[in-house]
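Here is the structure we will look at.
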Amino acid sequence: MLRTSRRPLALAGAGLSAESGIPTFRGAGGLWRNYRPEALATPEAFARDPQTVWEWYAWRRDLVAEAQPNPAHHALARLEHEREAFWLITQNVDGLSQRAGSQRVLELHGSLWRTRCIVCGHEAEDLRTPTPLDTACETCGGRIRPGVVWFGEGLDSQVIAKAQRLVEECDLLLVLGTSARVYPAAGLIPLAVQNGARVIEINPDPSGMSSMVNGLLQGPVGELLPRLLP
Ligand code: OAD
């Protein structure tokens, strides 16, 4: 299917980075087993206790900075290089795909490496590690927050619109390492099916959408995805 596809696309979740040593959110060892999302990943949590929220994001940034892209990230960079229309739509905020060389990446949930001022909205790239905890907005001096999407917040409307357009136009969707439980990202899978695309999922465990896919390759994406490429 991948060989004959004219417009392949990938939708990735936290499982893509699992083999780089980055914990997923759900399942065994998942972050949401030990941490409460309401305390760390909501605008209310940030308003209440910005220090704790920033400490959690600093821990994740510093963990990712020490990690390396795995064979699945490299395979996706190769696919982009070989297929003109290929895009990676990712729920991941770690930037490991870009570090592997992918450029056509749509980050649905933002990035650990961007910040946004809650006063003036100024956005900036911030690649510093160890992550400083006392940074203020360079434009207005206001409090800055991680440039990620939190629970209860909407996605960037242009980003999700582009993702939907890409999915409507694709003929093959690779669904990699996502539990497919968080919307609107998960909704891209039925959208692909409705538009006649084939869907192949790679995940050690079936996801919420496995019943609708054309094929489930059960196993780690870092081992299985490179085997699909010639
Ligand atoms: P989840 O943690 O919900 O799901 C991770 C998926 O990866 C599970 O289905 C695992 O079975 C699978 N997995 C684990 N190891 C794998 C491996 N080596 N190869 C392939 N798959 C593997 O992560 P997401 O689906 O990305 O949102 O979660 C979606 C969103 O929920 C995240 O973007 C985050 C979270 O709350 C925000 O922060 C807004």
- Message: Let's test this: bin the Cα-Cα distances of the range 1-139 at 5 Å from zero up to the farthest pair and state each bin's percent.
- Response: 2, 9, 16, 21, 19, 14, 10, 6, 3, 1, 0
- Report in % the part of the accessible area of the range 140-230 that belongs to carbon and sulfur, leaving out ligands and nucleic acids; probe 1.4 Å. 47
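Normalised by the number of residues in the range 103-230, what is the relative contact order in percent for Cα pairs under 8 Å and 6+ residues apart? Spell out each step's value before the answer.
Values: 176 pairs, mean separation 22.7, N = 128.
18 percent.
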- Message: Could you tell me which residue out of Asn92, Ala197, Trp150 lies farthest along the dipole of the chain toward its positive end? Charges go on the beta carbon: Lys and Arg +1, Asp and Glu -1, centred on the Cα centre.
- Response: Ala197
- Item | Most mobile of Asp62, Asp205, Asp134 in a GNM of the chain (Cα contacts under 10 Å) | Asp134
- List the longest stretch of the chain that has no exposed loop site; here a site is one of the trypsin sites (Lys or Arg not before Pro) assigned by DSSP to anything other than H, G, I, E or B, with at most 13 other Cβ within 10 Å. 7-127
- Tell me, what ³J(HN,Hα) does each residue in the range 153-170 have, in order and in whole Hz, if you take phi through Karplus 6.51 cos²θ - 1.76 cosθ + 1.60 with θ = phi - 60° and put x for Gly and Pro? 10, x, 7, 4, 5, 6, 5, 5, 5, 5, 4, 5, 5, 4, 5, 5, 8, 7
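Quick one: compute the contact order of the chain, relative version, from alpha carbon pairs under 8 angstrom and 6+ residues apart, as a percent. Walk me through the numbers before you get to the answer.
On the way: 420 pairs, mean separation 54.2, N = 230.
It rounds to 24 percent for the chain.
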- Any residue on another chain or 5+ positions along whose placed amide H is under 5 Å from the amide H of Arg198 is listed here as Leu172, Leu173
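Please give me, ordered by residue number, the GluC sites (Glu not before Pro) of the range 135-170 that lie in loop per DSSP and have at most 15 other Cβ atoms within 10 Å.
Values: sites: Glu138, Glu153, Glu168, Glu169; in loops: Glu138, Glu153.
Passing both the DSSP loop test and the Cβ count: Glu138, Glu153.
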- Note on the structure: Lone Cys, the chain, Cβ cut-off 4.7 Å -> Cys170
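The values are calculated or read from the model by the stated rules, or taken from the named source; none is laboratory data. None of these values were measured; they are calculated from a predicted model. Note: ideal-geometry Cβ built from the backbone for every residue, glycine included; neighbour counts use all protein chains shown. What goes into the accessible areas is simple: the full protein's heavy atoms, side chains included, and nothing from ligands, DNA or RNA. Shrake-Rupley method; radii C 1.70, N 1.55, O 1.52, S 1.80 Å.
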